[in-house]
Amino acid sequence: MSSVSGVPLSVLDLSPVVSGGDVGTALRNSIDLAKVAERLGFRRYWLAEHHNMPGIASSATVVLMSQVATATERIRVGSGGIMLPNHAPLIVAEQFGTLEAFHPGRIDLGIGRAPGTDQRTALALRGPGGLSAENFPQQLGELLAYFEHSDTRGVNAVTAEGNRPPVWLLGSSGFSAQLAGRLGLPFSFAHHFAAENTIPAVKLYRENFQPSDVLDKPYVMLGASVFAADTDERARFIAGPSGLTFLSLRRGRPIPLPTPEEAAEYPYTEIDRVFIEDRFSSSIIGSPETVRKGLEQLLADTDADELMITTMTHAHEDRVRSYEIVADLAR
């Protein structure tokens, strides 16, 4: 079985807004966690774009990335991801060119095609008759082109020219896997919420991979949901709020991240429990030894090159402790 030690580990942060908390505290906690992640030796710190979600404060992803990059010194800071159909490619090129100019060699541009929200909010973001995921490959090609000057195009992204960060494609299905492979780009798969598609998508990516000027062989990073604590019981307790959050989202009523006590006391139906158990089936929850075995099994099943760990707990100190345990396993 593959060992966790030697495999690069990174962080995916959604800047959770918790029950009884506020956005300002969530954002400051993200800055603090980024500093912790850098000290612990994590390779990347990525922030996710989601909108109209009362439990997520990372919606202004580029703004938060800038704050995180300024507060840290070495860790790579990226988007996990920017949902390209929500933005004009020119704007994304200008923003990430600016970030790369400020923090050369430390910025990652992770690109996704999902809305990162519900359809009504996507319409508010894009406008009637606006951008669509249907022409994502064309949008991506336009974005990449802006990192080079053109005398014939008529429009140039001045801050992007010569400041192209590494570009990743993100996905939870086969579409982005194939596209990433054909373009020779690194691929990040959302195992933490689409585990049933992980192995087929990774296989598609590797089968379709064509060497490029940025990669000569496939590179796979998997997003993994991990709740690590000193005991299995404690880990299950702090993971409880995440299950209730997923349940509320499924019902169309997203909520701030509840406390473990609120999650434990919630009157779940049998169907609710089945749903949550299914959601947690791809999560790695437990003591250091349990988490080690889970991560090693994931690596053995997928031969991933890197793991990106996401941990959503109500108490900031529980989140920090979880990442400390994972970092210790990697050593």
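A compact table of results
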item	result
Alpha-carbon centroid distance for the pair the stretch 177-219 / the stretch 10-56, whole angstrom	26
Probe 1.4 Å, all protein chains present, accessible-area order of Ile31, Ile199, largest first	Ile199, Ile31
q = 0.16, 0.18, 0.19 Å⁻¹, the stretch 195-331: log10 I(q)/I(0) [Debye, one scatterer per Cα]	-0.89, -1.04, -1.11
Neighbourhood net charge (13 Å Cβ-Cβ; Lys/Arg +1, Asp/Glu -1) for Phe246	+2
Calculated P(r) of the stretch 1-80 - Cα pairs past 22 Å, %	25
Ranked order, Arg39, Arg273, Arg153, Arg120 - accessible area, probe 1.4 Å, largest first	Arg120, Arg39, Arg273, Arg153
Segments 6-17, 157-168 sorted - mean Cβ within 10 Å per residue, highest first	6-17, 157-168
Rg to Rh, two decimals, where the stretch 27-141 supplies the alpha carbon set and Rh follows Kirkwood	0.99
The stretch 256-331 - Debye-derived log10 I(q)/I(0), Cα point model, q = 0.12, 0.19, 0.28 Å⁻¹	-0.43, -0.98, -1.39
The chain, accessible surface, carbon-and-sulfur percent (1.4 angstrom probe)	53
Kyte-Doolittle at least 0.5, axis length at least 18 Å by Cα - qualifying DSSP helices, the chain	89-102
Calculated P(r) tail over 31 Å for the chain, as whole % of Cα pairs	29
Per residue value of the accessible surface for the chain (all protein chains in place, 1.4 Å probe), Å²	44
Set of lysines near Lys203 by C-alpha distance (under 21 Å), chain-local residues within fewer than 8 positions excluded	Lys217
Descending semi-axes in whole angstrom, ellipsoid equivalent of the stretch 120-199, from the Cα gyration tensor	26, 19, 11
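The values are calculated or read from the model by the stated rules, or taken from the named source; none is laboratory data. Being a predicted model, the structure only gives us computed values, none of them experimental. Every residue, glycine among them, receives a Cβ derived from its backbone with ideal geometry; neighbour counts consider all protein chains shown. SASA here: full protein model, heavy atoms, side chains in, ligands and nucleic acids out. Shrake-Rupley method; radii C 1.70, N 1.55, O 1.52, S 1.80 Å.
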